[in-house]
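Enquirer: Right, I'll just put the structure down here and ask away after.
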Amino acid sequence: MFGEAKIKNGLSDAVDDAFKSLSDSYANKSADFSLLDDTLLDEIVVDENMAELFRKNFIPKHQSAKSNIETEEAFAVFIGYTFTHPSEDGRKPKEQIADKVKSDIESVKQKIIQAIASKDYTANSDFYIYFLPFNDAAADKKSIMQEIAAIKIKGGK
């Protein structure tokens, strides 16, 4: 399983960055893959102690499975972006928001298809793409990661 997560204010920028990172990682398959890498740590942590806490608890280490089970390649891509609320048009807010999210995804659909098609992924590759709309992607990302770190430091779940 290969994974990538990018949270940017702009949806198109998040897609570009996610697939660039995924492509770079895929090209170097011998590297460990994780959704939380040192680059992300540099963006969200407050100090080196928090960074070390994240490294120990959230970044898995490669272990040889010594298994004969054949695996297929699967890719999970989490794309967080700042969601711009639609202007009111007389419909229920849930309908307006659902349509806006669909429109947002449709706006980057071809970019994603081209990003996948342009690389030498195997024919058996599956892509799972998750869109995460935020009120303010940059601020929300930092806040969420700090809350996770605070819970882990306190020994909570």
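The values are calculated or read from the model by the stated rules, or taken from the named source; none is laboratory data. Given the structure is predicted, the values throughout are model-derived calculations rather than measurements. Reconstructed Cβ throughout: ideal geometry from the backbone, glycine too, with neighbour counts over all protein chains shown.
Enquirer: Give Ile144, Ile112, Ile148 a once-over and let me know the one that is within 20 Å of Lys8 (Cα to Cα), modelled with pLDDT under 85 and out of contact with any strand residue (DSSP E or B) (no Cβ under 6 Å at 6 or more places or on another chain).
Expert: The unique qualifying residue is Ile148.
Enquirer: Can Ile79 be described as touching a residue at least 12 places away in the same chain (Cβ under 8 Å) and either closer than 18 Å to Lys6 by Cα or not aromatic (Phe, Trp, Tyr) (or both)?
Expert: Yes, satisfied.
Enquirer: OK, next. When you scan the range 11-92 for helices (runs of 4 or more DSSP H) that lie fully inside it, which ones turn up with 1 or more residues that are at pLDDT 75 or above and more than 30 Å from Ile113 (Cα to Cα)?
Expert: 48-58
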